[in-house]
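Have a look at the structure below before the remarks.
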Amino acid sequence: MTVVAGVDLGGTAINYTLLDQQERFLIDGLCEHPALSKQGPEVCLQQIADGLKIACERAGVGMANVVTVGLDTPGPASAAGLLSAQGSTNFVHADWAGFDIRGGLAHKLGKPVSYLNDANAAALWGHYAIFGADSRHTSISIIIGTGNGGGIILDGNVVKGKNGFGGELGHVLIPYQSIAGTSGINPLCNCGRTGDLESLCSLTAIERNLLPYFLPRYPGHELAKLDSHQAAKLVRGLADKGDALCKEIFRMQAHALGLFFDEMVNTFDPDALIVGGGALEASTEFQRWFINEIRLGMPAQREEQVDIPIHVIPNGDTAGARGAAIEAYKLAKDSGLL
Ligand SMILES: [Zn+2]
């Protein structure tokens, strides 16, 4: 039996999955092990190796059957898995600065390792769930969470970019002034831009830009009594229940996405547009409403492109590990190991 592994290194936990030659995932749901990244590379790489052994035991396969390993981590990191020399929130230990985490893991495990950042891994999983591992299709994914991640899969391959920042779609500027009912809004992003996708379409956007803009227009609203951080987390649930203010916030996010997807349609002429993340963890009815609002937010499309589908990504919490495994599957095929 020949399998590949997917390893999703998050802030506090590592999640694993295994994928066999017939493209079947051998682990359902989460299979977690503590990450201990704060203790530096040496401890963390050992944790990854130990957890992989446990995952293999759980799936009933030997470590020797794992031919390649796909790793994904939060960025910033180069396309080859070199962590930023400036450090990052998830890799605070001094030894992580400029560390080759892909090479380090390959050395530790004695196996070839592929690398993706976590947003690109989730995008690859979303793409795979629709098209399968051998697809030559093109898709654009947006993951709406605290921030806004995403990924571009072009002819079946992740666009990583020269510096590893390919698919950083949250910081693409959009013509938000054209969204109805938003005059006077000033959507600032952490990156310094005004009016990029993340400044309008993320949990942070709700807290910093959308609640402060919309709350004064709904006097006496229950969210006005809470601090904005707490209030922001309640917006999706209230929108799902039909609250007018919260639906207006999600309508604006959907229309921002519509403008963004229009830019992507004209850039890539993709086979599919994909949305995922916490914002979509709601009722099917809400998801349908949101997708429809995205379409309403898009300028008129060419007849040939009107039917480009908008999908919701399944299995949010395992998306990273599964995407990493698919990248490992490609590496195994390209290396003649599968
Ligand atoms: Zn930005």
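If you sort ASP28, ASP100, ASP72 by accessible surface, 1.4 Å probe, largest first, the order is ASP28, ASP100, ASP72. The order of GLU168, GLU263, GLU42 by accessible area, most exposed first and with a 1.4 Å probe, is GLU42, GLU168, GLU263.
ASP271 sits with roughly 70 Å² accessible to a 1.4 Å probe, with DNA, RNA and ligands left out of the calculation. Checked against a 22 Å cut-off, the cross-linked pairs LYS53/LYS108; LYS160/LYS330; LYS111/LYS330; LYS53/LYS160; LYS38/LYS111 give Cα-Cα distances beyond that limit for LYS53/LYS160; LYS38/LYS111. GNM remark for the chain: springs join alpha carbons under 10 Å apart, and the peak mean-square fluctuation among GLY62, GLY150, GLY167 falls on GLY62. Start at zero, step by 10 Å, and the Cα-Cα distances of the chain spread as 6, 26, 31, 23, 12, 2, 0 percent across the bins. Over the chain, with a Gaussian network built from C-alpha contacts below 10 Å, which listed residue (LEU226, LEU188, LEU154) shows the highest mean-square fluctuation? Result: LEU226 has the largest fluctuation of those listed. What percent antiparallel are the DSSP beta bridges of the chain, to the nearest 5? If we restrict to bridges inside the chain, about 55 percent are antiparallel. Label-to-label distance for ASP134 and GLN301 is 2.8 nm, based on points extended 7 Å past Cα in the beta-carbon direction.
The values are calculated or read from the model by the stated rules, or taken from the named source; none is laboratory data. From a predicted model like this one, the values you see are computed outputs, not experimental measurements. Virtual Cβ from ideal backbone geometry, glycine too; neighbours counted across all protein chains shown. Surface areas here come from the heavy atoms of the whole protein model, side chains and all, with no ligands, DNA or RNA. Shrake-Rupley method; radii C 1.70, N 1.55, O 1.52, S 1.80 Å.
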